[in-house]
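Data first, discussion second: the structure below is written as structure tokens.
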């Protein structure tokens, strides 16, 4: 008898458990952290907020490493027939994901939310990387950034006399390439054969992204918007690369290939007076730098210009419809004004939702840290980032050849020609 | 008849193990070799027979040769210092030198901490301006180095780190090898008036032969397989200067999604490893003294 009761209790429990489990939609969410800082904690907090408001959905956030590692994890999961439900992937990877037939278009969901009127709330500059060649929308902007110029105001002040002597204003950052060189030269401090302070750091690791900005500033681009025509080897790009080589090899005012993740530490630790870095690193600088610092547009040459960067949300094929619907609700939540503003304040990324900037919380924050406005305002001069299929291979061709030129192993001419050849091959899949 | 039965019994006992060996070792190897003759990448998502195409592409691939050079440099540069120092420390510890416990712990703890933690630790040690290594170099008036950030030093930086990580493991193997050497031999040599060096050259080194052979093979396999620290510390960069064969397989397979090329590289790695193992056992295996009695 006892046994019978025991079994029936077990059965009842199992059924109750199973039914409650089936009522909840389980969503697997892959996301990267592409910049320095404890953003995993922030992300988990946002996910918990979502679950509180949506008790029928269970999000399993998976921190998948940096952008490269996240893309690898997503690709492998898709190939293995076990895709995540939703993932944030670096924006240039879209065409590769489409080539794998991994994504569903989001147009249906957006239509239901109000179509164009709904998208109007989002910065147009960030939507440029969301569309496939078929004109459908496959990505939704989330952690979006541009590179900007950070400058240490105290170091500028300390060098005021020297800067003034050559007619440079110590109270503002450089605005053109020529000024960039002039400022960097004066702000570099040497002692014997040691460099005590660098004028500038253009970090390695994502140098292809910063290089795309320089290319835009010089009126060129790296790959045309069709995703097929490689324009890496142009006279404008050569001029940009020669400028970099001059800064690193000839003038030695910028260290060669400083690792991406260490660069903010160098800026915070007073190793350099200026750095090019993603806006996504601003929270770390804000919280730990013990000096006055500013953020500015990247200096122009022919024009101001920058690619956007960062990661977009994607919803995957081959998962149940109810998971896709739940994933869309999650995306909508994460890019709502409140959440976009929260993510922006905590990380330094731009709030992709324009309405986020109208919130009192955000206004008060921007009053205290006007540096945070720079990335948003720079969007006026922002272009979509290059996109092409086999992007990992293309990026590898660009970084290895840029690295070789910056280390002085190849001439800039050779590096551009080699990269161009490899990139063309990658796009054709040879 | 009974002998045959015995044999059959042996195979019966081996059978479960063999199943797994086949499923997870031999079948994947043959499958991988077959795939190396196929074109299979992002733009042709179904494997298609392509003959020697992948191998020809590798032959013409500038990076492949850099990777091979780096791999062999990594193996040859790191193995002998590791073996020699591991043996020396093992002998010193075996002879109950002063501070023995301290040496055992400090040499062996790198082996115990996970590679990921060790790699992150060394990323900070190698940090160009804030890392302890460059601060020390500057103290001695030496020029600071780029370490992981420069293609001249990145491979060396990884070799040094790997050396630090593996030393304790090989030391431990040598230490257990030394325990098997008959103490009476040393005593006899001592009475005969042989000095410290002479005792070790004439007794320890020959008798520790089997251990050395084992260490050599394991060290070659371990260093050919380096991957974790490269993924965590340099991602093969800058400009492929620290890229090695296993990392390049990973890059082609999981980053560039060029499975044909990745499998061709795997086939090459398998052939190299087999050849090396056969060669080493062929050359040294016969000359080794296996007993000390």
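The values are calculated or read from the model by the stated rules, or taken from the named source; none is laboratory data. Just so it is clear, the structure is predicted and the values come from calculations on it, not from any experiment. Please note: Cβ atoms are built from the backbone with ideal geometry, for glycine as well, and neighbour counts cover all protein chains shown.
Of the listed requirements (1) within 25 Å of residue A:72 (Cβ to Cβ); (2) more than 14 Å from every other protein chain (Cβ to nearest Cβ); (3) assigned to a helix (DSSP H, G or I), residue B:226 misses just one: (3).
So if I check each of B:185, B:207, B:167, which one is within 22 Å of the chain's Cα centre (by Cα), under 21 Å from residue B:94 (Cβ atoms), touching a residue at least 40 places away in the same chain (Cβ under 8 Å) and away from every other protein chain (no Cβ under 14 Å)? Even if it seems obvious, please write down each step before you answer.
Details: B:185 fails: within 22 Å of the chain's Cα centre (by Cα); B:207 fails: within 22 Å of the chain's Cα centre (by Cα).
Among B:185, B:207, B:167, only B:167 is within 22 Å of the chain's Cα centre (by Cα), under 21 Å from residue B:94 (Cβ atoms), touching a residue at least 40 places away in the same chain (Cβ under 8 Å) and away from every other protein chain (no Cβ under 14 Å).
Checked against (1) in contact with a helix residue (DSSP H, G or I) (Cβ under 7 Å, 6 or more places away or on another chain); (2) more than 14 Å from every other protein chain (Cβ to nearest Cβ); (3) under 22 Å from residue A:90 (Cα atoms), residue A:203 meets all criteria but (2).
None of B:121, B:130, B:137, B:142 is over 20 Å from the mean Cα position of the chain (by Cα), more than 11 Å from chain A (Cβ to nearest Cβ) and surrounded by fewer than 19 Cβ atoms within 10 Å (Cβ to Cβ) except B:121.
Name the one entry in B:38, B:7 that is in contact with a strand residue (DSSP E or B) (Cβ under 6 Å, 6 or more places away or on another chain) and away from chain A (no Cβ under 14 Å). Quick ask: steps written out before the conclusion?
Numbers: B:7 fails: in contact with a strand residue (DSSP E or B) (Cβ under 6 Å, 6 or more places away or on another chain).
Exactly one of B:38, B:7 is in contact with a strand residue (DSSP E or B) (Cβ under 6 Å, 6 or more places away or on another chain) and away from chain A (no Cβ under 14 Å), namely B:38.
When the residues of the range A:90-112 are filtered to those that are crowded, with 21+ Cβ neighbours inside 10 Å and out of contact with any helix residue (DSSP H, G or I) (no Cβ under 6 Å at 6 or more places or on another chain), the one that is farthest from the other protein chains (Cβ to nearest Cβ) is A:106. Do we find that residue B:30 is touching a residue at least 12 places away in the same chain (Cβ under 8 Å) and part of a helix (DSSP H, G or I) in this structure? Against the criterion (touching a residue at least 12 places away in the same chain (Cβ under 8 Å) and part of a helix (DSSP H, G or I)), residue B:30 does not qualify.
Within the range A:335-427, considering only helices (runs of 4 or more DSSP H) that don't extend past its boundaries, which have at least 1 residues that are under 23 Å from the mean Cα position of the chain (by Cα) and either on the phi > 0 side of the Ramachandran plot or away from chain B (no Cβ under 14 Å) (or both)? Show your work before the answer.
Numbers: elements: A:337-347, A:360-368, A:373-378, A:391-406.
Result: A:337-347, A:360-368, A:373-378.
Hey, among the residues in the range B:146-164 that are outside any helix (DSSP H, G or I) and touching a residue at least 12 places away in the same chain (Cβ under 8 Å), which one's surrounded by the most Cβ atoms within 10 Å (Cβ to Cβ)? The extreme case among them is B:151.
For the structure I just gave you, tell me whether residue A:408 is assigned by TED's automatic domain parsing to the domain that holds residue A:300 and within 30 Å of residue B:237 (Cβ to Cβ).
Values: assigned by TED's automatic domain parsing to the domain that holds residue A:300: yes; within 30 Å of residue B:237 (Cβ to Cβ): yes.
Yes; evaluated as a whole, the condition is true for this residue.
Conditions (1) free of Cβ contacts under 8 Å to residues at least 40 places away in the same chain; (2) under 20 Å from residue A:93 (Cβ atoms); (3) assigned by TED's automatic domain parsing to the domain that holds residue A:374, marked per residue:
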site	(1), (2), (3)
A:118	yes, no, yes
A:121	no, no, yes
A:125	no, yes, yes
A:131	yes, yes, yes
A:134	yes, yes, yes
A:140	no, yes, yes
A:151	no, no, no
A:154	no, no, no
A:158	yes, no, no
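Consider the range B:241-272. How many of its residues are within 14 Å of chain A (Cβ to nearest Cβ), in a helix (DSSP H, G or I) and closer than 23 Å to residue A:399 by Cα?
Residues flagged as within 14 Å of chain A (Cβ to nearest Cβ), in a helix (DSSP H, G or I) and closer than 23 Å to residue A:399 by Cα within the range B:241-272 amount to 12.
A single member of A:273, A:295, A:283 is within 14 Å of another protein chain (Cβ to nearest Cβ) and touching a helix residue (DSSP H, G or I) at 6+ places or on another chain (Cβ under 6 Å), and it is A:273.
Residue B:193 meets all of the listed conditions (1) out of contact with any strand residue (DSSP E or B) (no Cβ under 7 Å at 6 or more places or on another chain); (2) within 14 Å of chain A (Cβ to nearest Cβ) but one, namely (2). Just wondering, is there one or more residues in the range A:74-89 that are modelled with pLDDT under 90, surrounded by 20 or more Cβ atoms within 10 Å (Cβ to Cβ) and over 22 Å from residue A:328 (Cβ atoms)? Within the range A:74-89, one or more residues are modelled with pLDDT under 90, surrounded by 20 or more Cβ atoms within 10 Å (Cβ to Cβ) and over 22 Å from residue A:328 (Cβ atoms).
Being surrounded by fewer than 17 Cβ atoms within 10 Å (Cβ to Cβ) and in a helix (DSSP H, G or I) is a property that residue B:90 lacks.
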